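Worksheet: one structure, shown below.
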Amino acid sequence: MDILFTPDSDKKVTELSDKTIKDLAISELSERICSIKEERDIVMKVLSKIPHNISDIEYRRSILSDLLENAKLCEELSECIGDIFVLKNYSGTYKNLRKQDATLFSLLEDLRELEVYAKTTEKLADCLGAHELKSEGLKAFRDEQIKIVSSPDFKVLKDDLELIIKDLSVVRGCIVGVNFTPDLNIKEVAAMEFVPYHFRPKYSLAEKLTTTTLFTPESTGFRRSHNLVADPLLAQMAPKLEKHLKHNYSDIKKIFHKYADFDSKSITESYEGLTYYLAMARFGRKLRSDNCDICFPTSSDNKDFSIKDFYNLRLAVAGEKDIVKNDFEFSSNERIFILTGPNRGGKTILEQGLGICVLMASLGSFITASSCTGMNFTNILTHFPIDENLTINYGRLGEEAIRVKSIVNESDEKTLILFNETYSTTSMADGLYLSRDLIRILKEKGSYVIFNTHIHDLGRETSEMDKWDGESNIISIVMERVNGQNTFKVKRDAPDTSSHAKAIAEKYGITYEQMSTINIHRHSRWFFFFGHSPNTTSHTQVCFLRACQPRDGLPATH
C-alpha cells in the first residue's frame, strides 16, 4: 500500500528541475531533516515531486498531522521500519532469482522472508491499533494489517512457520566421512549423518594453533588478495549436505508450495511513505521545540494564495534569532510582482522563503507560517544567478536567455516562477527591454511571478504593463527601509532609487559630504573605489569624481 497517494490516485506529479532544487536549497534542507543517507534520499525524492491532485495533497497532510501530534506512535512505527526494509530487500528481483534457484539456500531465504513478513505485519497491526488515528491513510493501512493477521490463512502461516523452525532446530551437528587420495587430498565425502547435538574437538592442538599467527588462512595460503579461497572439504560437502537436507526435510518444500504466490507488497510499498512521514514529523517537532511557528495550509480550488507570517525555513534551521516574518498574497488579478530594494535588504531570502513555503504546501506538508490558504501550485520554476563557470559556452546573457526560454515553455496558470536578478548581466537599457518582453508573455500565460530585479524603471512602468493582454495586474513591491535601516519587511510601493543609492553611499562613506571631510595627505595620490551595486553606479561615480577634484593645491588622480 503506497501511503503517499490515495488508493484511486493516478499519481500524476511534476518533478522539479535540478535548478529549482538548487535555488530552493532542497538538498540542504533534506540534510537537515535526515542524518541517515538512505532516509535523506527518500525525503529528497518526495520533496522534488509535486502531486497534481488535491485529494493526494490532503491525504498526505492528514497522515503527517497524525504523526506530528503523536510522538509515541512515531517511535513505534520507527521500530517497524527496519523490518520493512529487510522485507523489501527479500522481494522484487531477488525473489524472482530465488524462484529460479532450487538450492537449499533459496529455500531458507524464503523461510526468512515469511518469518519477517509475519512478524512485521503483527507489529504494525498492534502499533497502529493501539492509537487513535484521524487520517484516512493511516486508518486504511491499519485496517489492512489487522485484516491480514485476523485471517485464517495468517494463522495457518504462523503454525507452519513454527513447525518448520522446530524441525530445523533439531539439527545441531553433522558426522561426515571423508575418503582421501594417497597424498591426502580429499577424494570424496562418503557418508553424512545429522545429529541433535554439538561436537567438541577431540584434539585441542588445532584449536590452539588457529589462535596464533602460525596457523592462519594467510600462512596456509587460503587467503589471497584478501579473498578467501573455497575450502575443498566444504566444496565437496555442500552438495551432499543439501541433498541430505532436502531428503530429510522435503516437507518444508511442500509447505512452502502453499505460499508460492505470497506477496509482501501490502507492507513493502509503504516503506518510502512511512520513511518520509516519520522524518518530517520528527523535523516538525524539532522546529516547534525551537519555538518556530509551523502550520498546515488549507487548500482550495480558487486562484488565490494567501500566507501570513511566513519566513525562510533555512533561517530557522540555521538557528537565526528574531527572524522577520512577512505576509504575501496572490490573487487572480494580481499574479505578477516586481520586487526591488537595497542590497542585503532581504529580497532573495524573502523570495526563496516564499518558494519553499509554496513547495511544502503543495506537497501536503506543514509550512513555516502562522496560516496559509488557497490554491496548490503544480510547478515551481526558478531563475537565480548562475555559477559563472557554467556560462563558458554561451556567456552569461546567453545562458540566461536559454533558461528563460525553457521557463516560459514550461509555465502555465498553476506555476509559480521566481526570478532573481534576471538580465543583470547586460546594460540597464537592454535589461529593461528584455524584462518587459518576459513579463508580457508570462502575463498572457497567467503564471504567478515574483521578479526580483535591480532594474527600478521596471517597477515604475506597472500602469503601462497593466494594459497588456492577460488577467493579472503588475504590482510593484519593495523591501522597506525606515530611518535609513533595512526592516526586511516587504510592502507595496514604487522603487526608490535615490534612497537606495544614498543608503549604499552612506554605508561605505562615499557621499560627497563624507569624502570632503577626509584629511588628504599632501603626498597621497590614490583613491580606491569599490562598487557594490549595478543600480547605484551612476550616483556613486558622481560622488567619486567630485571627491577627486583638485583641492588644497592637490591634483586629481584618476
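The values are calculated or read from the model by the stated rules, or taken from the named source; none is laboratory data. In this text, all values refer to a predicted model and were calculated from it rather than measured experimentally. All Cβ positions, glycine included, derive from the backbone under ideal geometry; neighbour counts span all protein chains shown.
Checking K208, K187 one by one, the residue that is at pLDDT below 70 and either in a strand (DSSP E or B) or over 30 Å from S266 (Cα atoms) (or both) is K208 and no other. Here region 440-449 is the region considered, the condition is being surrounded by fewer than 22 Cβ atoms within 10 Å (Cβ to Cβ) and in contact with a helix residue (DSSP H, G or I) (Cβ under 8 Å, 6 or more places away or on another chain), and the residue that is farthest from S411 (Cα to Cα) is R440. Would region 339-361 turn up any residue that is within 22 Å of E471 (Cβ to Cβ) and surrounded by fewer than 17 Cβ atoms within 10 Å (Cβ to Cβ)? The answer is no, given that none of the residues of region 339-361 is within 22 Å of E471 (Cβ to Cβ) and surrounded by fewer than 17 Cβ atoms within 10 Å (Cβ to Cβ).
A search for C-beta distances below 7 Å between a residue of region 470-482 that is without any contact (Cβ under 8 Å) to a residue 60 or more places away in the chain and any residue that is in a loop (DSSP other than H, G, I, E, B), counting only pairs 6+ apart in sequence or on different chains, returns G470/G446.
Restricted to helices (runs of 4 or more DSSP H) entirely inside region 265-347, those with at least 1 residues that are farther than 23 Å from L363 by Cβ are 265-268. Does I84 satisfy being part of a helix (DSSP H, G or I), at pLDDT 85 or above and of a type in the set (A, V, I, L, M)? Yes: the conditions hold for I84.
Per-residue answers, yes or no, for (1) free of Cβ contacts under 8 Å to residues at least 12 places away in the same chain; (2) farther than 24 Å from G459 by Cα:
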{"site": "S270", "(1), (2)": "no, yes"}
{"site": "L278", "(1), (2)": "no, yes"}
{"site": "R285", "(1), (2)": "no, yes"}
{"site": "D290", "(1), (2)": "no, yes"}
{"site": "S300", "(1), (2)": "no, yes"}
{"site": "A318", "(1), (2)": "yes, yes"}
{"site": "R344", "(1), (2)": "no, no"}
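Scanning region 398-434 for residues that are surrounded by 21 or more Cβ atoms within 10 Å (Cβ to Cβ) and not β-branched (V, I, T), we see that the one that is farthest from the chain's Cα centre (by Cα) is G431.
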